[in-house]
Amino acid sequence: MKRIAVIHEWLTSHAGSEKVVEQILKLYPDADLYSLVDFLPESLRYFIQHKPVTTSFIQKLPFAERHFRSYLPLMPLAVEQFDLAAYDLIISSHHAVAKGILTRPDQLHISYVHTPLRYGWELQHQYLRQAGLTRGLKSGLTRAVLHYLRLWDVASAHRVDHYLANSRYVARRIEKTYRRSAEVIYPPVDTGRFRADYAREDFYLTVSRFVPYKRVDLTIAAFNQLGLPLVIIGDGPSDKAMRQMAQPNIRFLGKQPDSVVEDYMQRCRGFIFPPEEDFGITPVEAQAAGAPVIAYAKGGQAETVIHQQTGLLFPHQTVESLVQSVKWLESCVGQFESGALKDHAEKFSIACFQSRFKGFVENAWVQFKAGE
């Protein structure tokens, strides 16, 4: 019987990448779990089956619980210190350094990539601008660290036997960055918790963290111009600025529990999604709730929203482009049948992920053993 290890970068919440880990552990309940840091509260430990977690030296560094991301320059070193000699199969859940674990030729390493290291590659200049690091000594040091991370990121790419990507969009970035092909297996979305038979009401909805790349400002500016009712669920660093720019037709609910999000998704006229995401879980959830989605036509959401069938894809990340799409939806609001949207969302369900992931891993294992 093969011994399995699952590697994740950090365990601090139960968000998109952790939901992938949750399903991997359900498929392989005897697997051991490794993470650079583990600061999960007791209330969330259920999703890792209350497993013990082997952590790195970063776990014990000063202020790590709140500022572990500040230790990014040490993470390549930290992940290489995990001793995985006892395992036959290693599955890494990667968006920063997890794929860089050290393995032997007689061990199979499969890496599920949520994204390559975005702020080390195509988002470097955006990251530096947002952090106020465009010039000066601190800027130079940060650029040097990111340069080092890129070199390590490419070098460690060859340690992986098989890549899995969470979207075709990410698979293309893996090809561009690592010159490696990747099988696409969409992440698991809990579509079963939504109903699609509620009557649609007269408001639009967006659910988001208030950080620059999420483009909540774009949604607000568009609905300021449209004057249509908009409900915004979420919070973040730019909360005050977003509220100040909004007109009275826009209502802020702040951060809400899943039950409230489900309720609003099941009743909204349409769901607005303006960022460029690697996959984008909330557009799939909205479709599972029977709501047509208006999304930016670049990123993973361009694979989950079918233009003029389950929603609309607006071509430019501009106010005018979004406004035109909302107007189009207003003119043909009865075109979208909630049941059909729900059926489409089921293609991204937990059951689909489990079937495809387990099938890929087991087939790769058979081929690996046959080649020994």
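Tabulated values for the structure
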quantity: For the stretch 191-347, convex hull of alpha carbons as volume per residue, Å³; calculated: 95
quantity: Cα gyration tensor category, rounded, prolate or oblate, for the stretch 173-270 with a/c compared to 1.5; calculated: oblate
quantity: Nearest 10 degrees, 0 to 90: helix 258-267 Cα axis against the chain principal axis; calculated: 40
quantity: Largest-first principal axis extents of the Cα set of the chain (Å); calculated: 61, 51, 40
quantity: Largest-first ellipsoid semi-axes for the stretch 1-81, taking √(5λ) over the Cα gyration tensor eigenvalues, angstrom; calculated: 22, 15, 10
quantity: Aspartates and glutamates whose Cα lies under 14 Å from that of LYS240, excluding same-chain neighbours fewer than 8 positions away; calculated: ASP217
quantity: The chain: angle of helix 137-157 to the longest principal axis, Cα-based, in degrees nearest 10; calculated: 70
quantity: Potential extension, GLU201-ARG159 segment - 0.36 nm per residue separation minus Cα distance; calculated: 10.0 nm
quantity: Separation of alpha-carbon centers, the stretch 1-54 and the stretch 290-330, rounded to whole Å; calculated: 35
quantity: Coordinate range along principal axes, alpha carbons of the stretch 229-301, Å, largest first; calculated: 30, 26, 21
quantity: Length added when fully stretched, GLU175-VAL211, from 0.36 nm per residue minus Cα-Cα; calculated: 10.2 nm
quantity: Estimated vicinal HN-Hα couplings, Hz - the stretch 32-46 in sequence order (Karplus 6.51, -1.76, 1.60; Gly, Pro = x); calculated: 8, 10, 10, 7, 4, 9, 9, 10, 5, x, 4, 5, 10, 6, 4
quantity: Label point distance in nm, ALA144-ASN249, each placed 7 Å from Cα along Cα→Cβ; calculated: 5.3
quantity: The chain: most fluctuating residue of LEU36, LEU322, LEU137 per GNM, C-alpha cutoff 10 Å; calculated: LEU137
quantity: Extension gain, LEU137 back to ARG3 (0.36 nm per residue minus Cα-Cα distance, nm); calculated: 43.5 nm
quantity: Packing-based ranking, highest mean first, of 95-104, 15-24 given that Cβ atoms within 10 Å are counted; calculated: 95-104, 15-24
quantity: Partner lysines for LYS51 [C-alpha distance under 17 Å; skip if fewer than 8 residues away on the same chain]; calculated: LYS19, LYS26
quantity: FRET efficiency for ASP106 and GLN256, using Cβ-Cβ distance with R0 set to 45 Å, rounded to 0.05; calculated: 0.35
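Rule-based calculations on the coordinates, nothing more; no lab input. These figures come from a predicted structure and were not determined experimentally. Don't worry about glycine lacking a Cβ; one is built from the backbone with ideal geometry, like all the others, and counts go over all protein chains shown.
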